[in-house]
Amino acid sequence: MIAALTSLTILGAFLGLVLGIAARVFKVEGNPLTAELIAILPGSQCGQCGFPGCAGAAQALAEGRAPVTLCPPGGRAVALALAAKLGTEVNLAGMKDAVPMMAEVQEEICIGCTRCFKVCPTDAIVGAAQQIHSVFREACTACGKCEEVCPTESIKLQPILVTLQSWRWHKPVEAA
Amino acid sequence: MNLFDLRGGIHPEGRKNLSAAHPICALPVPKRLFIPLQQHIGAPAQPVVAVGQNVLKGQLLATAQGALSSAIHAPTSGVITGLGDCTAPHPSGLAVPSITLDSDGESRWIALIATADPFQLTPEEISQRVAAAGIVGLGGATFPSALKLNLSHGVQTLIMNGGECEPYLTCDDRIMQERAAQIMQGIQLIAHAVAAQEVLVGIEDNKPEAIAAMQAAAKNTSVKVTAMPSMYPMGSEKQIIQVLTGKEIPAGGRPADIGVLVHNVATAFAVQQAIVEGKPLISRIVTVSGGAIKVPCNLEVLVGTPMQELIDFAGGYVQPAARLVLGGPMMGQQISNPAVPVVKGTSGVLALTTAEIGQAEPAPCIRCSSCVRACPVGLLPLEMAAHIRTANLSGAVNLGLKDCIACGSCSYVCPAHIPLVHFFNYAKGDLTAQERTKLKQESTKKLAEERSERIARIERARAEAAAKRKAAREAKERAAAAKLTTEAV
Amino acid sequence: MNPIAHSPHAHAPITLSKVMMTVMMALIPATLYGFWLYGWSAVMLWMISIFAAIASEALVVRWQGRGVKTALLDGSGVLTAWLLAISLPPTAPWWIAVLGSVFAVTICKQVFGGLGQNVFNPAMAARVMLLISFPLEMTTWVSPVDGMASASVLGHVKTELTRGISMDTSLVGHFSMLDGLVGNRIGSMGETAAILLLLGGVFLIFRRIITWHIPVAMMLGVAVPALLFHSIDSTHYASPLVHLLSGGLILGAFFIATDPVTSPNTAMGQLIFGAGCGLMTWIIRTWGGYPEGVAFAVLMLNAGTPIIDHYVKPRIYGRDRKGVALPVKKG
């Protein structure tokens, strides 16, 4: 009885000591995961997730405060990559891609003030002062920053129309 | 000639007798034609005509945009009345840019340049003329034929596909029976263009008349006409190569990788017309059939003719059509608007009844593995569909989703009526979209990084400039102060 | 919903209920013969089993909030109960049938997620449950010849062997090949007439509901080791014919092991599965504690089906067995 008690106590104390030392010696400053997650995120710092930029989102993800589906411009591709990195399961069956959008300039009311041009995080807007601006479809991430600053509401996010090239089959509907 | 074994395959009810006995008959020229600018794989053609312009039959309407594209010619003479959108012959029913041509009913040809001795032409000249005639693969894939010729120079075997394994379709059957001599000349021209060492024509044994006609035409040539067992999907490129040569195209590769080139027999006819007579591809043979059609038939149709005209010519419906299909029933596409035009790749117009479609509500999979036995590629359709159902696309890709040829054999045999091939095409589309998104994200990320770097650089430059200005100002002040001091002294 | 239908716009004339109906048709001759042999008690047992299966399935499906009609119309519950009924001793009490049917349909099938989701063959799982829980009721056989209670051939042989009586002596007067073929012997009602079951099985192969792989492999899996050991020591090991024609082997090979849900997908996998079932059956019959081993063997191999399916896959066109693309060979 006594022998068992003492041996277990000693064992417990020893292991506790080892753990305590290890925690001090091998302490990691910051989370290395965060950097890896930043690499996956789009990096346009659009803030649509509600965190201060992609770094903030990555930190929240690493701490488990945010779901992997937090990034609207990233869509399913990013959600999948995040889930793979974090080792979590993600059910995308329920996750629908938001309707793809892009900014479009209504040329009649654009005054060429260059404000949108200055805030665009991906340089997707071309134009110069006093000239009508236009948007590169391939570079626009639909972050909406241009929409916020436009004084004449001439630049707006519009859904990208489905074309013959981008059309694809819907998921088959099955009886339950 | 000995044939090689195929894996899987199915034996759907042929229903070719509906239209097989009807000789090809030319459809009268319609009043208005809608000619899509994209009737081929690749970039849409660029129009070279203007609204109001008069054109002659065979005149160039739109030029190819790059190698993976194809030219489009006026199917008849008349006046261009529009450059705009029309409903695409596609299940989505979306718009496709197209040219509207009102025919003048005279069918006046442009000046045609006939070639007396086409075998004097060099391979380059042949492929140039094939490209200029706007010829694409008429089996349904609509790959630009000239590009295929250029990529396949020096192949060992040229295979001419007369399989026509899709039920209902008899257009290739009829063209082989009625125009065997021209087809044979076209075949020899293609063989000449790619310098093929052997030429095989594969025809399913359910078309004995076509085999006889082609064999008669092949007499005194080196072309070998072979009867193949009737089985779906015998007319698929991968399968016809396997059955005739025993070779397999490496995964992700092309037939040229194993020294083979496959062309459809109807394409050979188009090549012969283009090289010998100088006529561009402006019409094709279309089978109009199905249980709802009064008089199933084979028609020679101008490209751009609305589908409804074909159905009307065939006597209309004897009973309501449950589904209109362009192409064959196994891989064809449902069309909801009968005003869509016939294009270069349209092999059939089918009006099917509910009984013919045989659709039922999907039931649970009982893992009977009928689909595994039917798959000509050796995939596990049931497992792939299970992965896709739970949005596990990478699981499906690991099982070989990208090797799927979408022949539909699995869906056809499934006793539970699970839309297997629909799952696969949905997943393939989803994968493409995801890849596209990923590429875009990578590029936008780079743009964002470049921008922040540039802004930082500008800031730095500005700060440096400010510091310089400050230093200069201070130096000036100091100098002034020094001057003052000296003056004071 | 998108109204556009994906190809193919044609379908083979087959549905799930047609598949189930065909299997039931194949069972009819053997079942009728069983009725004729054992009389009303067998008919009642069969009817009670099927009724219990339908009622319990309807109840469970309703409870799950799914469509009762569609779940019942596929006929899989009826087929399960049918297979269970003809593998029971014909004189078993009615509550055995009810218990077995309810267990098979609810616990072995619906709990796993319904048709197509179960890991084990429901009829055999239920039979094994009954055998373990009610050994007395499940092993009381009545001879169709004289109506006397007695042991089955395999049970008799096993008992006699433990008493030190060798097999060739104990089998005399207890087993004849002809009786085995026409069912003039002791056994459950469906498994007695080997020839009628064989006929049904061949009909199923002919109608392409099942393939030959599992039945042939399973029969060989029993016959090959039996022949080997019988030729070494005929006093302790029964001949292949005794094995093939007794117990539920033919029923198991053609109707139980071929259950698509719980067997592998590929031809190669099915051969492995069938041979495994046969071998396990023979091992259990020869050295196991129970005289009959088909049900145990099938359940054991059911558990192995996922791993067989994982390792045995068809070669994909244009790739080698490992999935690497074939080499490019121009010219």
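The values are calculated or read from the model by the stated rules, or taken from the named source; none is laboratory data. The shown structure was predicted, so the numbers you read here are calculated from the model rather than taken from an experiment. A quick note on method: Cβ atoms are made from the backbone with ideal geometry, for glycine too, and the neighbour counts reach across all protein chains shown.
Are any residues in segment B:383-412 crowded, with 24+ Cβ neighbours inside 10 Å and either touching a residue at least 60 places away in the same chain (Cβ under 8 Å) or within 24 Å of C:Asp259 (Cβ to Cβ) (or both), and if so, which ones?
Correct list: B:Met384, B:Ala385, B:Cys407, B:Gly408, B:Ser409, B:Cys410, B:Ser411, B:Tyr412.
Within segment C:62-77, track down each residue that is touching a residue at least 40 places away in the same chain (Cβ under 8 Å), crowded, with 21+ Cβ neighbours inside 10 Å and in a helix (DSSP H, G or I).
Listed by number, the residues that qualify are C:Ala71, C:Ser76.
Considering only segment C:246-285, how many residues are part of a helix (DSSP H, G or I), in contact with a Phe, Trp or Tyr (Cβ under 8 Å, 6 or more places away or on another chain), among the hydrophobic types (A, V, I, L, M, F, W, C) and surrounded by 22 or more Cβ atoms within 10 Å (Cβ to Cβ)?
1
Given the conditions (1) more than 7 Å from every other protein chain (Cβ to nearest Cβ); (2) within 19 Å of the chain's Cα centre (by Cα), which single one is not true for C:Ser17?
Going through the list (1) more than 7 Å from every other protein chain (Cβ to nearest Cβ); (2) within 19 Å of the chain's Cα centre (by Cα), C:Ser17 breaks only (2).
Just for segment B:245-264: of the residues that are of a type in the set (D, E, K, R) and more than 7 Å from chain C (Cβ to nearest Cβ), which one is surrounded by the most Cβ atoms within 10 Å (Cβ to Cβ)?
By that ranking, first place goes to B:Lys247.
Results for (1) within 30 Å of B:Lys238 (Cα to Cα); (2) within 10 Å of another protein chain (Cβ to nearest Cβ); (3) out of contact with any Pro (no Cβ under 9 Å at 6 or more places or on another chain); (4) of a type in the set (Ser, Thr, Tyr), shown as yes or no for each residue.
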site: C:Leu245; (1), (2), (3), (4): no, no, yes, no
site: C:Trp282; (1), (2), (3), (4): no, no, no, no
site: C:Met300; (1), (2), (3), (4): no, no, yes, no
site: C:Pro314; (1), (2), (3), (4): yes, yes, yes, no
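Is it the case, given these coordinates, that B:Ile335 is over 30 Å from A:Ala77 (Cβ atoms), within 17 Å of the chain's Cα centre (by Cα), of a type in the set (Val, Ile, Thr) and within 11 Å of chain C (Cβ to nearest Cβ)?
For B:Ile335, the condition - over 30 Å from A:Ala77 (Cβ atoms), within 17 Å of the chain's Cα centre (by Cα), of a type in the set (Val, Ile, Thr) and within 11 Å of chain C (Cβ to nearest Cβ) - is met.
Quick grid of which residues meet (1) small (Gly, Ala, Ser); (2) in a loop (DSSP other than H, G, I, E, B); (3) at pLDDT 80 or above; (4) in contact with a Leu (Cβ under 8 Å, 6 or more places away or on another chain):
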site: A:Ala128; (1), (2), (3), (4): yes, yes, no, no
site: A:Ile132; (1), (2), (3), (4): no, yes, no, no
site: A:Glu138; (1), (2), (3), (4): no, yes, no, no
site: A:Glu153; (1), (2), (3), (4): no, yes, yes, no
site: A:Lys156; (1), (2), (3), (4): no, no, yes, no
site: A:Leu161; (1), (2), (3), (4): no, yes, yes, no
site: A:Trp167; (1), (2), (3), (4): no, yes, yes, yes
site: A:His170; (1), (2), (3), (4): no, yes, yes, no
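For segment B:326-338, does any single residue satisfy the condition of being among the hydroxyl-bearing types (Ser, Thr, Tyr), buried (at least 22 other Cβ atoms within 10 Å of the Cβ) and touching a residue at least 60 places away in the same chain (Cβ under 8 Å)?
Looking through segment B:326-338, none of the residues is among the hydroxyl-bearing types (Ser, Thr, Tyr), buried (at least 22 other Cβ atoms within 10 Å of the Cβ) and touching a residue at least 60 places away in the same chain (Cβ under 8 Å).
Can you pull out every residue in segment B:174-208 that is of a type in the set (S, T, N, Q), within 17 Å of B:Ala227 (Cα to Cα) and in a helix (DSSP H, G or I)?
B:Gln177, the sole residue that qualifies.
Taking B:Glu449, is it under 51 Å from the mean Cα position of the chain (by Cα), within 7 Å of chain A (Cβ to nearest Cβ) and farther than 30 Å from B:Pro381 by Cβ?
yes
What about B:Ala116, is it part of a loop (DSSP other than H, G, I, E, B) and either in the same structural domain as B:Val243 (by TED's automatic domain parsing) or not basic (Lys, Arg) (or both)?
For B:Ala116, the condition - part of a loop (DSSP other than H, G, I, E, B) and either in the same structural domain as B:Val243 (by TED's automatic domain parsing) or not basic (Lys, Arg) (or both) - is met.
Would you mind stating whether B:Gly378 is in contact with a Pro (Cβ under 7 Å, 6 or more places away or on another chain), within 30 Å of B:Gly291 (Cα to Cα) and at pLDDT 90 or above?
no
Just one of (1) in a helix (DSSP H, G or I); (2) more than 22 Å from C:Gly323 (Cα to Cα); (3) facing chain A (nearest Cβ under 10 Å) trips up B:Ile458, so point out which.
Just one mismatch for B:Ile458, condition (3).
I need the full set of residues from segment A:119-131 which are buried (at least 16 other Cβ atoms within 10 Å of the Cβ) and more than 14 Å from chain B (Cβ to nearest Cβ), in order please.
A:Gly127
Got a number for residues in segment B:82-98 being assigned to a loop (DSSP other than H, G, I, E, B) and facing chain A (nearest Cβ under 10 Å)?
Within segment B:82-98, residues that are assigned to a loop (DSSP other than H, G, I, E, B) and facing chain A (nearest Cβ under 10 Å) number 6.
List pairs: first in segment C:112-128 and within 12 Å of chain B (Cβ to nearest Cβ), second of a type in the set (Phe, Trp, Tyr) and surrounded by fewer than 24 Cβ atoms within 10 Å (Cβ to Cβ), Cβ under 7 Å, 6+ apart or cross-chain?
So the pair list comes out as C:Asn118/C:Phe112; C:Val119/C:Phe112.
Taking the condition exposed (fewer than 13 other Cβ atoms within 10 Å of the Cβ), under 21 Å from the mean Cα position of the chain (by Cα) and within 12 Å of chain B (Cβ to nearest Cβ), does C:Pro306 pass?
Against the criterion (exposed (fewer than 13 other Cβ atoms within 10 Å of the Cβ), under 21 Å from the mean Cα position of the chain (by Cα) and within 12 Å of chain B (Cβ to nearest Cβ)), C:Pro306 qualifies.
Say whether the condition of being touching a residue at least 60 places away in the same chain (Cβ under 8 Å), closer than 28 Å to C:Phe120 by Cα and part of a loop (DSSP other than H, G, I, E, B) is met by at least one residue in segment B:366-382.
The answer is yes; a qualifying residue exists.
Say whether the condition of being under 30 Å from A:Val119 (Cβ atoms), touching a residue at least 40 places away in the same chain (Cβ under 8 Å) and of a type in the set (S, T, N, Q) is met by at least one residue in segment A:47-58.
Yes: segment A:47-58 contains one or more residues that are under 30 Å from A:Val119 (Cβ atoms), touching a residue at least 40 places away in the same chain (Cβ under 8 Å) and of a type in the set (S, T, N, Q).
Kindly check whether there is at least one residue in segment C:68-76 that is of a type in the set (S, T, N, Q) and away from chain B (no Cβ under 14 Å).
No.
Can you work out which of the residues in segment B:355-365 that are outside any helix (DSSP H, G or I) and within 7 Å of chain C (Cβ to nearest Cβ) is surrounded by the fewest Cβ atoms within 10 Å (Cβ to Cβ)?
Once the filter is applied, the top-ranked residue is B:Ala360.
Say whether the condition of being away from chain C (no Cβ under 14 Å), among the polar types (S, T, N, Q) and free of Cβ contacts under 8 Å to residues at least 40 places away in the same chain is met by at least one residue in segment B:222-240.
Yes, that holds for at least one residue.
Can you name every residue in segment B:422-440 that is crowded, with 19+ Cβ neighbours inside 10 Å, more than 7 Å from every other protein chain (Cβ to nearest Cβ) and hydrophobic (A, V, I, L, M, F, W, C)?
Within segment B:422-440, B:Phe424, B:Ala427 meet the criteria.
Which residues, counting only those in segment B:107-153, are in contact with a Pro (Cβ under 7 Å, 6 or more places away or on another chain), surrounded by fewer than 17 Cβ atoms within 10 Å (Cβ to Cβ) and small (Gly, Ala, Ser)?
The answer is none; no residue qualifies.
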